[in-house]
Amino acid sequence: MLDGHLKAHTAPVADKENIVYFKDYRITVLSDRLFRIEKDRAGEYLDKATRVVWFRDMPKNRFSIYEDGNELQISTDLVTLSVNDGEPFGTVVFRDGKKVTLNDSENLLGTYRTLDCCNGNLYTVWDRDTLMQTPIKLEKGVLAKNGVAVFDDAASVILDDDGLIRERPETEADIYVFAFGHDYRAAIRELYMITGRVPLVPRFALGNWWSRYHDYSQKEYLHLMEDFEKDDIPFTVATVDMDWHWSYSLDRVKHITEDGKNDDLHGHANGWTGYSWNTELFPDYRSFLKKLHEMGLRVTLNLHPADGVRYFEDAYEEMAKAMDIDPKSEQQIRFDITDEKFINAYFKVLHKPYEHEGVDFWWIDWQQGNNSKVKGLDPLFALNHYHFADNAKEHLPLILSRYCGIGSHRYPLGFSGDTHVTWETLKFLPYFTATASNAGYSWWSHDIGGHMAGGKDNELNVRFVQFGVFSPINRLHCSNSLTFTKEPSAYKNGTGKIIESFLRLRHRMIPFLYSAAYETHLNGRALTEPMYYDHPEEEEAYRARDQYMFGGNLLVAPVITRSENYGMAETKVWLPHGRWTDIFTGDEHNGGKTISAVRYMDSIPVFAKEGAVFVLDARRHGNACDTPEKLEIMLFNGDGTYTLHEDKDGVRSDTCFELVKTGENRQKLTIRTTEEAAGAYRENRCFELFFKNIESGNVTLIRNGIKEEPCTDDNKCLSVTLSGLKAGEEIEMEVGFAADNEERIKRAVLRELTFFECETSVKDRLTHEILNNRGSCLKDIFLDSGLPWIFIKRLLETADF
């Protein structure tokens, strides 16, 4: 019998009143826009959970039925589904009369199992002397541009009531019809309704990860972490790749070949699989794990479980007895994730003891194929499923593993594999990451900087890290080479310093990221979303593949091309209608257009929408990632709402921000904290509020109905400090300010001129023309300036031309 904690809670049987039978079909109305269509001539329909779908027990839905010969029509308040005996099965008609065939022809795609050996979207390998490159094809998601997506679940294995995974009887069809039009987020929410919610990702996972495929010694690894600490480079996760166990040195140390045991009985001498610490490198692994925890780091170890458990492992005797194998036989215990006895012992004997000694979670590096003893069962799914359940036994669960189809969102995080170190890879990842949300997969972790091949390129690594900071997980990693590392100090001419500054920014972003993780868990909203989620009727939103919305409030357009002259790179950015402010440069833009964003190496285009809130930890030192006492909060003029989700001791705390533009030069802010927020709101809770679009102004502050004198400053922008905040408070703040947009733009342009590498006399002449400009267009001054074209583009962007 499978251990109880490894069994999933499912509710796969639908309410009979939501089921309609028609000829060989069974149709289940799961909601007013989501349908299941099964076809089986023997009438043997499935009422068990599958690999993908766990829940069909929805409340009774309201619908009507009309049957006419070979066609059945099911009408809800929003759509009419027609089912017939033809191919494809039928159509959906929306209330506006739009009719869509169930052929999934405009699916917006989802994601892919792995990017191993990928140079961009090209799977790249050498076949003898020939370079072979094959484009990968993203699997489908549950969104479609024409409004109707179809997911085929007929090949899914069964997740049975006893927790084991079994073969599914063959059936003619088992599809799910997502007829949500352009209400894309609703489609994703209902995907989670039938498959299960995205678990809450632990707070520590959202900081910076250190990882390198390198045979570290215990001393070398700890010294590196100490060096990072001295240099104020924060990390929250320490990864040890496969060399934590006996790997390359296995045959030498264990004398496998020398003793005549490099054979099938003993499991050969391959070092990829292992469960015993390499005591040459880690003489006291318990002390090693303890010291990493004392530094504020969580620990994950790499696994390649394919070779099972062999006679030389420390846990072999206990594992053999659990499997009813005589330990004296030295017989290899083969990996079999379909055997309940093996599954129970695999976790109890091999993994739980290490977890109790300080291993927080496991990196499951499965690369050994898609087949198992159960027809249709990919071992990757079983590993993800059981590992995540086992890790959940004692704390908030986490794994790192590859994607295994829709439903994989239940097992964060995703490891995208060993990519090439190229600009092509960096260019592909923003699209790849955001598009995965269409399959409900919101927590990809990439090898930031690329893993292998390519060559060292300081600028490329800077741009990779900048993307990583504004991606779901920022995990630095690289392949096994003595001269290849992602340590910032290895990147010269100031590039390493830029990397360090972005790693510090990522660490400070943890409150914003953790709140977004709660939004994913509670409301099904991904941290990274394609532009068309908010702008489904805008054709530009579908073409803007290299940018995405981040945390709902920020538009991120990573720099994915090498710089031109003077170290400046140009990125095309589509800005939807509204007012947008770059959080790094301060540039303000009216949207509804595509701009050329020109950036030095020290920033990328990240635009806050109007009414946005961006929250940072005020601490600037150390690896701590707990709920901070002090927050720095950027506020952007306009109308908007934002909820900051935090927690303390398992109790969630919500702080609601509401921004309202009350006049031409007036901005109102209301902050409300819930009574349950007591865990986060301690005696010294403090918010430092930065009104990024207001240089200075008059502030009226009312706290719990009582007017207070505000504590303000105007260094670069207006700021207000709120101290001693408590749960259940309501704060109202109104700011009146003067705004001279022309003067603001002139100052911004002069600031940019100070950065340009050109003759001082040219800059002095332009300064005079700009300051004395009376009515003529600044654009003409820029175009006639004689400056290099890349400088002119930057000035045009700054002035919002």
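The values are calculated or read from the model by the stated rules, or taken from the named source; none is laboratory data. Computed from a prediction, not measured in an experiment: that's the story for all the values here. As a convention, Cβ positions derive from the backbone with ideal geometry for all residues, glycine included, and neighbour counts pool all protein chains shown. Accessible surface areas use protein heavy atoms only, side chains included; no ligands, DNA or RNA. Shrake-Rupley method; radii C 1.70, N 1.55, O 1.52, S 1.80 Å.
General remarks:
- In the stretch 313-329, residue farthest from residue 270 (Cα to Cα) [restricted to those that are open to solvent by less than 50 Å² (accessible area, probe 1.4 Å) and not hydroxyl-bearing (Ser, Thr, Tyr)]: 322
- Residue match in the stretch 283-297 (condition: in a loop (DSSP other than H, G, I, E, B) and open to solvent by 40 Å² or more (accessible area, probe 1.4 Å)): yes
- Answer from 243, 227 - the residue that is closer than 24 Å to residue 479 by Cα, open to solvent by 30 Å² or more (accessible area, probe 1.4 Å) and part of a helix (DSSP H, G or I): 227
- Residue among 226, 170 that is at pLDDT below 95, out of contact with any Leu (no Cβ under 6 Å at 6 or more places or on another chain) and on the phi < 0 side of the Ramachandran plot: 170
- In the condition set (1) assigned to a loop (DSSP other than H, G, I, E, B); (2) surrounded by fewer than 23 Cβ atoms within 10 Å (Cβ to Cβ); (3) in contact with a strand residue (DSSP E or B) (Cβ under 9 Å, 6 or more places away or on another chain), residue 537 is compliant with all but (3).
- Selection within the stretch 169-182 - buried (at least 21 other Cβ atoms within 10 Å of the Cβ) and part of a loop (DSSP other than H, G, I, E, B): 180, 181
- Qualifying residue in the stretch 515-522 (condition: under 25 Å from residue 797 (Cβ atoms), part of a helix (DSSP H, G or I), within 21 Å of the chain's Cα centre (by Cα) and not hydroxyl-bearing (Ser, Thr, Tyr)): no
- Residue match in the stretch 427-450 (condition: within 21 Å of residue 206 (Cα to Cα), assigned to a loop (DSSP other than H, G, I, E, B), in contact with a Pro (Cβ under 7 Å, 6 or more places away or on another chain) and at pLDDT 95 or above): yes
- Note on the stretch 589-696: enclosed strands (runs of 3 or more DSSP E) holding 2 or more residues that are open to solvent by 30 Å² or more (accessible area, probe 1.4 Å) and of a type in the set (Lys, Arg) are 651-663, 666-673.
- Every residue from the stretch 634-656 that is under 19 Å from residue 722 (Cβ atoms), among the β-branched types (Val, Ile, Thr) and touching an Asp or Glu at 6+ places or on another chain (Cβ under 7 Å): 641, 643
- Filter result for residue 420 (within 30 Å of residue 356 (Cβ to Cβ) and open to solvent by 10 Å² or more (accessible area, probe 1.4 Å)): no
- Test: residue in the stretch 780-793 that is under 30 Å from residue 705 (Cβ atoms), open to solvent by 80 Å² or more (accessible area, probe 1.4 Å) and not hydrophobic (A, V, I, L, M, F, W, C): no
- Among the residues of the stretch 88-128, just one is open to solvent by 50 Å² or more (accessible area, probe 1.4 Å), in contact with a Ser or Thr (Cβ under 6 Å, 6 or more places away or on another chain) and within 18 Å of residue 439 (Cα to Cα), namely 109.
- Considering only residues in the stretch 5-34 that are open to solvent by 20 Å² or more (accessible area, probe 1.4 Å) and in contact (Cβ under 8 Å) with a residue 60 or more places away in the chain, the one that is farthest from the chain's Cα centre (by Cα) turns out to be 23.
- Selected residue (criterion: nearest to residue 211 (Cα to Cα)) from residues of the stretch 452-477 that are assigned to a loop (DSSP other than H, G, I, E, B) and open to solvent by less than 10 Å² (accessible area, probe 1.4 Å): 477
- Qualifying residue in the stretch 184-194 (condition: of a type in the set (A, V, I, L, M) and open to solvent by 20 Å² or more (accessible area, probe 1.4 Å)): yes
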